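Below: the structure, in structure tokens.
The values are calculated or read from the model by the stated rules, or taken from the named source; none is laboratory data. In this text, all values refer to a predicted model and were calculated from it rather than measured experimentally. All Cβ positions, even for glycine, are placed from backbone atoms using ideal geometry, and neighbour counts span all protein chains on display.
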Amino acid sequence: MKRSFRLRKNDEFQRVYRRGMPAYNRDFKIIGFRNHLEHNRFGYSLSKKYGKAHERNRTKRRLREIVRAHQNSFPKSFDYVILPKQTTKSLSFQQLEQSLLHCLMQWKKRTTKKTTESLSGEPTKGKHSQRNMDKDNSLFIMEESSLS
């Protein structure tokens, strides 16, 4: 895979971590964030807790091969960070492939759901929108009490 198709710098990883949409399954966590390029970029993150260097490198090689073989399955113009969990060490290549593709399907579902919610105009159910609703309701109550 070309160097331009990889996430290399800490800033690039941090942007995906902070602003990206995550998806999980038993073996993986995938975080994706739109990059406004013509192609995808991929990064793989395995901590020292995962195992020794040769175990981390082997898993990254296997993941790069899976991503290369299934590049068309990934939506275009995104940065992806793939974080394998401890359970992936014991999986065969086929199991690893199946699990990663399953996690990708979960990610696609989440992003399409999020996109349709934002396009429909329905308010999000986050704490900030609730806080704004509470402010609006308290103003309405204050106006009613001042009218009486």
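Taking segment 44-65 only, how many residues are surrounded by 14 or more Cβ atoms within 10 Å (Cβ to Cβ) and of a type in the set (Lys, Arg)? Total satisfying the criteria: 4. Only one entry of Asn35, Asn137, Asn72 meets the criterion of being in contact with a strand residue (DSSP E or B) (Cβ under 8 Å, 6 or more places away or on another chain) and modelled with pLDDT under 95, and that entry is Asn35.
Condition check ((1) surrounded by fewer than 16 Cβ atoms within 10 Å (Cβ to Cβ); (2) over 22 Å from Met105 (Cβ atoms)) across all residues:
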position	(1), (2)
Gln14	yes, yes
Tyr24	yes, no
Ile31	no, no
Phe42	no, no
Phe78	no, no
Ser90	yes, yes
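Given the criteria over 17 Å from Arg6 (Cα atoms) and touching a residue at least 60 places away in the same chain (Cβ under 8 Å), does Thr88 qualify? Answer is yes for this residue.
One line per residue, one yes/no per condition, for (1) touching a Lys or Arg at 6+ places or on another chain (Cβ under 9 Å); (2) at pLDDT 95 or above; (3) hydroxyl-bearing (Ser, Thr, Tyr); (4) farther than 21 Å from Gly20 by Cβ:
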| position | (1), (2), (3), (4) |
| --- | --- |
| Phe93 | yes, yes, no, yes |
| Glu122 | no, no, no, yes |
| His128 | no, no, no, no |
| Met142 | no, no, no, yes |
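List the pairs whose first member sits in segment 7-25 and is touching a residue at least 12 places away in the same chain (Cβ under 8 Å) and of a type in the set (Gly, Ala, Ser), whose second member is in a strand (DSSP E or B) and surrounded by 15 or more Cβ atoms within 10 Å (Cβ to Cβ), and whose Cβ atoms are under 6 Å apart, counting only residues at least 6 apart or on separate chains? Every condition considered, the pairs that remain are Gly20/Ile31; Gly20/Gly32; Gly20/Phe33; Ala23/Ile30. Being at pLDDT 95 or above, in contact with a strand residue (DSSP E or B) (Cβ under 8 Å, 6 or more places away or on another chain) and under 16 Å from Cys103 (Cα atoms), is that true of even one residue in segment 46-62? So far as segment 46-62 goes, no, none of its residues is at pLDDT 95 or above, in contact with a strand residue (DSSP E or B) (Cβ under 8 Å, 6 or more places away or on another chain) and under 16 Å from Cys103 (Cα atoms). If the requirement is being under 17 Å from the mean Cα position of the chain (by Cα) and closer than 11 Å to Asp27 by Cα, which of these qualifies: Leu104, Leu83, Leu91? Among Leu104, Leu83, Leu91, only Leu83 is under 17 Å from the mean Cα position of the chain (by Cα) and closer than 11 Å to Asp27 by Cα.
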